[in-house]
1. Assess whether residue 55 counts as being touching an Asp or Glu at 6+ places or on another chain (Cβ under 6 Å) and at pLDDT 90 or above.
2. Please determine, by comparing only the residues of segment 199-225 that are of a type in the set (Asp, Glu) and in a loop (DSSP other than H, G, I, E, B), which one is farthest from residue 147 (Cα to Cα).
3. Suppose we keep only residues that are touching a residue at least 12 places away in the same chain (Cβ under 8 Å) and hydroxyl-bearing (Ser, Thr, Tyr) within segment 1-21. Which one would you say is least open to solvent (accessible area, probe 1.4 Å)?
4. Provide a single number: the residues in segment 22-50 that are of a type in the set (Ser, Thr, Tyr), under 21 Å from residue 118 (Cβ atoms) and without any contact (Cβ under 8 Å) to a residue 60 or more places away in the chain.
5. Could you please let me know if residue 55 is in a loop (DSSP other than H, G, I, E, B) and buried (at least 19 other Cβ atoms within 10 Å of the Cβ)?
6. Taking segment 126-147, which residues are open to solvent by less than 50 Å² (accessible area, probe 1.4 Å), under 17 Å from residue 199 (Cα atoms) and assigned to a strand (DSSP E or B)?
7. Would you mind finding the one in 202, 158, 198, 176 that is over 18 Å from residue 130 (Cα atoms) and among the hydrophobic types (A, V, I, L, M, F, W, C)?
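The values are calculated or read from the model by the stated rules, or taken from the named source; none is laboratory data. The model shown is predicted, which means the values in this text are computed figures rather than measured ones. With ideal geometry, Cβ positions are generated from the backbone for all residues, glycine too; neighbour counts draw on all protein chains shown. These accessible areas exclude ligands, DNA and RNA; they are computed on the full protein's heavy atoms, side chains included. Shrake-Rupley method; radii C 1.70, N 1.55, O 1.52, S 1.80 Å.
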Amino acid sequence: MSKILLVDDDEELTSMVTAWLTAEHYIVEVVHDGADALYRLEQLSYDAIILDLSLPHMDGLEVCRKFRQKGGVTPILMLTGRATIDNKETGLDSGADDYLTKPFDMRELMARIRSVLRRPETYKSNTLHSGDIVLDTTTRVVTKGGKSISIMPVDLALLEFFMRHPNQVISTDAILDRVWHCDKSVTSNALRSSIKRLRRHLDDEGADSIIENIQKFGYCFKPRT
C-alpha cells in the first residue's frame, strides 16, 4: 500500500483529495505548509508527494529544490493554479516529475499518481547507469568501464542532473539554476567549462559526445546503451 504526502494549504481540497486517495487504498498524510513538508521529507519516507506550488512559510518550488538537493528521489506531482508554460517549466526544472494545473478532475489526479508510482526502479536507485558509466550518488563515486574517475564536485553534480534527465533538451538557464543554485552570479561559461571536463572524462574516442549541444537553447544528455 503506497504512502503519499499531500502538501496544500487549501483544507477543502486536501479533504477531497484525501477521500479519493483513501478510497483507492493509499495511505495519506496531509501538511499545510512548505516548512513542515520539508521537515517530514527529511525524517520520513513516502512513495509519492503531491505538492502545491503556493504554500505558506516555504513555497513548493523551494521544497522541491531542497528535497532534490539533499538526494531525495521520491516522485513529485506538483499542483498549481498558474497555467502558463513558464511556470510549468519552472516546476519541472525544480525537480518535479509531473505537473497538474488547478482546477483538475480527480480522475486525472489519480491517473497522474499511478503514473509517477510506476517510475522505473532504476530512477529511484542511488546508483545511476549510462552504458559503462556508473554514478553512485551515496558515495559520490563515478566509474567508466569499471575504472574510477576523479571528477570535480560541481561536475559530478552536473553529471547526476544529466543522468536523472536523460534524452531531455534542457535550457542553459534551467541547468544553471539547478546545479549552481547557490551562486546566482555564475554564467554560462561555467557550464561550458564543466561540460568540457565531463566530455574529456566520459566520451569515447571517435564517437559523438554523450552531451549534445542544442544550438541557442541548451544541452541534451544522450546515454549509451
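1. For residue 55, the condition - touching an Asp or Glu at 6+ places or on another chain (Cβ under 6 Å) and at pLDDT 90 or above - is met.
2. Among those that are of a type in the set (Asp, Glu) and in a loop (DSSP other than H, G, I, E, B), it is 208.
3. 14
4. Number of matching residues: 3.
5. So residue 55 fits the description; yes.
6. Correct list: 130, 133, 134, 135, 142, 143, 144.
7. 176
Table: residues versus (1) of a type in the set (A, V, I, L, M); (2) touching a Ser or Thr at 6+ places or on another chain (Cβ under 7 Å); (3) modelled with pLDDT under 85.
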{"residue": "112", "(1), (2), (3)": "no, no, no"}
{"residue": "116", "(1), (2), (3)": "yes, no, yes"}
{"residue": "125", "(1), (2), (3)": "no, no, yes"}
{"residue": "128", "(1), (2), (3)": "yes, yes, yes"}
{"residue": "134", "(1), (2), (3)": "yes, yes, no"}
{"residue": "141", "(1), (2), (3)": "yes, yes, no"}
{"residue": "154", "(1), (2), (3)": "yes, yes, no"}
{"residue": "159", "(1), (2), (3)": "yes, no, no"}
